[in-house]
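Right, one structure below, let's go through it.
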Amino acid sequence: MPAVNFRDETATGRPVAEFEVAGLPDRMTVRELIRLRVREEVARHNARPSDRFNGLVRPDDAETELNGYRLREARRIDWERQAEIAERAFLGNGFFVLAADRQVEDLEEEIDLTAGPDLVFVKLVPLVGG
C-alpha cells in the first residue's frame, strides 16, 4: 500500500510544509486526495486546538497570516466544511496540484499513487488590485 507525501510549495518551488500518509490504495481521485489531505491536517489541529491553523485553505472566520490562518479563538475545525472549501478553491484556481511533476486539472482524475509518492500543492496568491 503506497505512502504519499503531501507537500506545500510556493509558486517559485520553495517547500513550505510536508507530511506523509501511509496505507493508501494504489489509485485515488484528486477529490479523494484533497479530502484526505484536509482531513489529516484538521485531525492534527483538532488533537491540540489552538488559535492558529496551518492548512491548505482558510477556515470560516479566520484571518490570513504568513503561512497559516489565525482563528478568533482556539477551537476545533470541521474537516468536512474545510474539504468543501478546498474543493471550491481548487475549482476556482486558489491552488493547483502537481502529481508526478504534472499539473492535474480535474477533481475526478485518478492518480496512480505507485508511480510517485509526492503530491505538491501550490497556493496561488491574488495580485493586489487585480
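For this structure, a couple of remarks:
- Whole-percent carbon and sulfur share, accessible surface of the chain, 1.4 Å: 47 percent
- Expressed to the nearest 5 percent, the antiparallel share of DSSP beta bridges inside the chain is 80 percent.
- Protection proxy ranking of 50-61, 95-106, 9-20 - average other beta-carbon atoms within 10 Å, highest first: 50-61, 95-106, 9-20
- Ratio of Rg to Rh for the chain: 0.95 [Cα atoms; Kirkwood radius as inverse mean 1/r over pairs].
- For Arg48 and Asn5, a Förster radius of 25 Å and the Cβ-Cβ distance give a FRET efficiency of 0.65, rounded to the nearest 0.05.
- The chain - mean residue ellipticity at 222 nm from DSSP helices (-39,500 (n - 2.57) per run, n ≥ 4, rounded to 500): -8000 deg cm²/dmol
The values are calculated or read from the model by the stated rules, or taken from the named source; none is laboratory data. Predicted model, so just to flag it, every value in this text is computed and none were measured. Note that we place each Cβ from the backbone using ideal geometry, even for glycine, and neighbour counts take in every protein chain shown. With ligands, DNA and RNA removed, areas are computed over all heavy atoms of the protein, side chains included. Shrake-Rupley method; radii C 1.70, N 1.55, O 1.52, S 1.80 Å.
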